[in-house]
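Heads up, the thing below is written out as structure tokens.
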Amino acid sequence: MNNIIIKEVKGGREFDDFINLPYEIYNKNPYWVAPIKKDYIKAIKGEGNELSFCPHKLFIAYRDDKPVARLIVFIDKELNETHNLKAGYICEFESYNDDEASKLLFLEAEKYLKEEGMNLCKGPVSLPGGDDKRGVIIDNFDDIPTIMNTYNLSYYKDLFTKAGFEKYHDVYAFRSTKDLLLTRMVKIGELLPKIQERYGYRVDTADIKKNIQREMDDVYKIIEEAMPKDWEDFKRVSKREIEQIIVAAKPFLDEDLVAIARTNEGRPIGFALSLPDYNEILHGFKGKLGPKEMFTFMRKKNKLKRIRMFVLFVVPDFHKKGVSAAIYHTVFMNGVKKGYEVLEGSTIWDYNQPMLNDINKVGAEKSITYRVYKKDLL
């Protein structure tokens, strides 16, 4: 191991190597979707995300002066305080199939966390405050990931286990195709009017163009009421944060793919946010976004075939009343009308049993398992 060096990234060559490493690892991989490099650099610098104020370090491993592995280790103080934890987190892990280098890299991250008083390390997770690139794929490596989902090579799971990590939780992606589910969705649609009349609610598509403030207010109310307080991987999201997310996403949203359930009296009780899978286009850009790529994006953005449903929340007193099915039905049928052929729901934690039950009932099938690992530091 004498020819392996771990360095803290503070700028210069090490920062460039940190950014470029995944582009080198996946250079000839047909499935990886390169992030737009100029935006990716901003994200790693903490511009526009919580990395800017979370304690963190960037580390990179060199073997014979060649970069071979890297990660970010951070502490989310707000999340720890919310759930009385002393946990640190790993994100943006990338590595060649070099278990010696990755093991030393993990040890450096663990050393930092111990010095900061942490007793547990989890990962990989999103950048702090994010909801993307969660976990390590362990069972499906021959598919282009949907928008904001991660991709990795098959040996990544072994790099974690060889470094002493064990399973923390799995998160899943479920997929439905138009051909497989259309008949079932038509039958569900025939049942929904009576169910919705019985429990007194309706499902609307979002009116983001004309009533964005009302929609943001209702989404906040739903999340505030529906988010389980004991899920230690989640923390409260402020109304301002929700508004910032929706405003930032507005240019990419399709109103027909955003559904909000309300009682007949107008109380918001559930919602789902879905996006067209822009990875179908970005996959060919190789991290570039110039005039040529922008022209291609504008030409193809209305011809996409996949949808990713990011989140689906239902308030507790409307569980088991068909709300999830009604929302799923609305998004699916709207998608079919617009030419989409695949709907993916991801990522769903293995302890989110209500959502797992609902998505199985509508006939979606598990397509990818992402594993989040943990390691005790005591």
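The values are calculated or read from the model by the stated rules, or taken from the named source; none is laboratory data. It should be emphasised that the depicted structure is a prediction, and the values quoted were computed from it without experimental measurement. No Cβ is skipped: glycine too gets one built from the backbone with ideal geometry, and neighbour counts run over all protein chains shown.
Checked against (1) in contact (Cβ under 8 Å) with a residue 60 or more places away in the chain; (2) within 24 Å of ALA325 (Cα to Cα), ASP233 passes all but condition (2). Filtered by the rule that a residue be in contact with a Phe, Trp or Tyr (Cβ under 7 Å, 6 or more places away or on another chain) and loosely packed, with under 15 Cβ neighbours inside 10 Å, region 356-378 gives a lone residue, GLU365.
Could you check how many residues of region 298-318 are surrounded by 15 or more Cβ atoms within 10 Å (Cβ to Cβ) and more than 22 Å from the chain's Cα centre (by Cα)? Residues flagged as surrounded by 15 or more Cβ atoms within 10 Å (Cβ to Cβ) and more than 22 Å from the chain's Cα centre (by Cα) within region 298-318 amount to 1. For GLN353, the conditions (1) in contact (Cβ under 8 Å) with a residue 24 or more places away in the chain; (2) surrounded by fewer than 22 Cβ atoms within 10 Å (Cβ to Cβ) all hold with the exception of (1).
In this entry, GLY189 is excluded by the filter for residues that are touching a strand residue (DSSP E or B) at 6+ places or on another chain (Cβ under 6 Å) and either in contact (Cβ under 8 Å) with a residue 60 or more places away in the chain or of a type in the set (Gly, Ala, Ser) (or both). Screening the candidates GLY135, GLY164 for the property of being outside the structural domain of TYR26 (by the TED database), surrounded by fewer than 21 Cβ atoms within 10 Å (Cβ to Cβ) and small (Gly, Ala, Ser) yields one hit, GLY164.
The set of residues in region 1-57 that are among the polar types (S, T, N, Q) and either closer than 25 Å to PRO145 by Cβ or at pLDDT 95 or above (or both) comprises ASN20, ASN27, ASN29, ASN49. Annotation note: of ASP254, ASP230, the sole residue that is in the same structural domain as TYR351 (by the TED database) and either touching a helix residue (DSSP H, G or I) at 6+ places or on another chain (Cβ under 7 Å) or surrounded by 13 or more Cβ atoms within 10 Å (Cβ to Cβ) (or both) is ASP254. Given the structure, is GLY339 at positive phi and modelled with pLDDT under 90? Criteria not met by GLY339. Looking only at residues in region 357-378 that are at pLDDT 90 or above and hydrophobic (A, V, I, L, M, F, W, C), the one that is nearest to ARG184 (Cα to Cα) is ILE368.
Of the helices (runs of 4 or more DSSP H) lying entirely inside region 122-232, those carrying at least 1 residues that are of a type in the set (S, T, N, Q) and at pLDDT below 90 are 178-199, 208-226. Filtered by the rule that a residue be without any contact (Cβ under 8 Å) to a residue 24 or more places away in the chain and among the hydroxyl-bearing types (Ser, Thr, Tyr), region 293-349 gives a lone residue, THR296.
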